[in-house]
Amino acid sequence: MKPQTGTGLANGKIILAGEHAVVYHEPAIALPIDAVYVKADIVSAQIGQTIQCELYTGDVNEMPTSMAGLQFAICEAFKRASAKEVTAHTFTLSIESTIPAERGMGSSAAVSVAVVRAIFDFLDATLPEETLWDIVQGAETISHGNPSGIDTATTSGTRPVFFKKEQELQTLHLDMPAYLVIADSGVTGNTKQAVQHVSTLQERIIDPTTQETGSDAVQSIGAIVNETKEAIKEQNPQKLGQLMSENHERLQQLGVSHDVIDTLVDTAHQNNALGAKVTGGGLGGCMIALVETEEAALHLQEQFMKQGAQAVWIQSLAKKENTK
Ligand code: PMV
């Protein structure tokens, strides 16, 4: 008998504006990044429930606690797609990912999205958007504590999103003559720790000159995100770049950047980028810079690599290349 198979894909993401503030019900804008993705393949087996991925190969029921979120996604997907427990099925699930882990590119959410899609495909079941959302958000909550849902929203779609917690998702029409250069600092970020740190600053004064609290900075980021939405609508790269840099300053104030990221941001400015910022949870991870031409993007890519970046990707913001 021919083995039963299923496949699922998901892309990486970057946050263009609004990380951290989004946890406090401010808006954020995120974009799917096609250059990095996860592919999950599942095939029926004679016995057992086996998972094969970079971090672990073995029985799904014996996955390490660090992978408890993914284990939840697998068990829940089988249950919802077949009304039977995972142990009622026999399979091998393989996961391949080009999204660096813990760098703010949505790796954990994308793995869950791809896996849930593969399981539903394997079982020939229809996967409603809400079911995908529920399962992936459940997995993210186990992995990260209090996720806003922005990673779940962006890695499961193909369009830029304007996201506000507990509000209906808006997709944005992005078509700008500009390029994002995304650099992986090589330093492992820690979203959970960064989110906790920002929570301790809410009532505290973070700028003695202006007497601003962490909560004031969060609100300023919200205003930057709304202006960013306008810059996207106006197709105005200069304005977008300036807003990215203002957003970075606010995230620095909140203590979620990192020396290596700040050095890359400086490199971007020295090379005439329109703007640059940390992206995602921070405390390491990735940064993004905006430039106007492909030539400038390639030049900046080279500069970032010279500076020690672990990997650098270029994403066009023109329509045909940022939508699938
Ligand atoms: O998963 P990351 O590192 O891209 O961070 C997500 C963005 C935060 O706003 C920092 C947290 C969240 O849950 O929205």
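The values are calculated or read from the model by the stated rules, or taken from the named source; none is laboratory data. Please read these numbers as outputs of a predicted model, since none were measured by experiment. So basically every Cβ, Gly included, is an ideal-geometry build from the backbone, and we count neighbours across all protein chains shown.
Hey, could you check the range 76-85 for residues that are part of a helix (DSSP H, G or I) and of a type in the set (Lys, Arg) and say which is farthest from residue 45 (Cα to Cα)?
Filtering first and then ranking leaves 80.
Which condition number does residue 72 fail, the rest of (1) under 22 Å from the mean Cα position of the chain (by Cα); (2) under 26 Å from residue 283 (Cα atoms) being met?
Just one mismatch for residue 72, condition (2).
Go through (1) within 27 Å of residue 216 (Cα to Cα); (2) in a loop (DSSP other than H, G, I, E, B); (3) modelled with pLDDT of 95 or more for residue 281 and report which single condition fails.
Checking residue 281 against (1) within 27 Å of residue 216 (Cα to Cα); (2) in a loop (DSSP other than H, G, I, E, B); (3) modelled with pLDDT of 95 or more, the one that fails is (3).
For the range 240-278, which residues satisfy the criterion of being in a loop (DSSP other than H, G, I, E, B) and within 16 Å of residue 217 (Cβ to Cβ)? Walk me through it before giving the result.
Initially, the range 240-278 is screened for residues in a loop (DSSP other than H, G, I, E, B), giving 254-258, 271-274.
254, 255, 256, 257, listed by residue number.
If residue 194 satisfies every condition in (1) in a loop (DSSP other than H, G, I, E, B); (2) within 12 Å of the ligand (Cβ to nearest atom) but one, which is the exception?
Of (1) in a loop (DSSP other than H, G, I, E, B); (2) within 12 Å of the ligand (Cβ to nearest atom), only one is false for residue 194: (1).
What single numbered condition from (1) more than 25 Å from residue 79 (Cβ to Cβ); (2) without any contact (Cβ under 8 Å) to a residue 40 or more places away in the chain fails to hold for residue 13?
(2)
Determine, yes or no, whether residue 40 is of a type in the set (Gly, Ala, Ser), modelled with pLDDT under 95 and part of a strand (DSSP E or B).
So residue 40 fails the test.
Answer with yes or no whether residue 16 is away from the ligand (no atom under 16 Å from the Cβ), assigned to a strand (DSSP E or B) and under 16 Å from the mean Cα position of the chain (by Cα).
Spelling it out, it is not the case that residue 16 is away from the ligand (no atom under 16 Å from the Cβ), assigned to a strand (DSSP E or B) and under 16 Å from the mean Cα position of the chain (by Cα).
Considering only the range 41-74, how many residues are within 14 Å of residue 123 (Cα to Cα) and surrounded by 20 or more Cβ atoms within 10 Å (Cβ to Cβ)?
Number satisfying all stated conditions: 2.
Take residue 264 and tell me if it is crowded, with 20+ Cβ neighbours inside 10 Å, under 25 Å from residue 173 (Cα atoms), of a type in the set (A, V, I, L, M, F, W, C) and away from the ligand (no atom under 16 Å from the Cβ).
No.
Looking at (1) over 22 Å from residue 158 (Cα atoms); (2) within 14 Å of the ligand (Cβ to nearest atom); (3) polar (S, T, N, Q), find the lone condition where residue 11 falls short.
Every condition holds for residue 11 apart from (1).
Tell me the strands (runs of 3 or more DSSP E) entirely within the range 86-186 that contain at least 3 residues that are away from the ligand (no atom under 14 Å from the Cβ).
Result: 91-97, 179-184.
Out of the range 100-132, which residues are modelled with pLDDT under 95 and in contact with a Gly (Cβ under 8 Å, 6 or more places away or on another chain)?
102, 103, 104, 105, 106, 107, 108
Restricting attention to the range 270-297, which residues are exposed (fewer than 15 other Cβ atoms within 10 Å of the Cβ) and either in the same structural domain as residue 21 (by TED's automatic domain parsing) or without any contact (Cβ under 8 Å) to a residue 40 or more places away in the chain (or both)?
270, 272, 295
Residue check: is residue 225 modelled with pLDDT of 95 or more, within 23 Å of residue 153 (Cα to Cα) and either of a type outside the set (Gly, Ala, Ser) or not assigned by TED's automatic domain parsing to the domain that holds residue 283 (or both)?
Details: modelled with pLDDT of 95 or more: yes; within 23 Å of residue 153 (Cα to Cα): yes; either of a type outside the set (Gly, Ala, Ser) or not assigned by TED's automatic domain parsing to the domain that holds residue 283 (or both): yes.
Yes.
Can you pull out every residue in the range 247-261 that is without any contact (Cβ under 8 Å) to a residue 40 or more places away in the chain, touching a helix residue (DSSP H, G or I) at 6+ places or on another chain (Cβ under 9 Å) and surrounded by fewer than 19 Cβ atoms within 10 Å (Cβ to Cβ)?
Scanning the range 247-261 gives a single hit, 252.
So which residues in the range 203-221 are touching a residue at least 24 places away in the same chain (Cβ under 8 Å) and assigned to a loop (DSSP other than H, G, I, E, B)?
none
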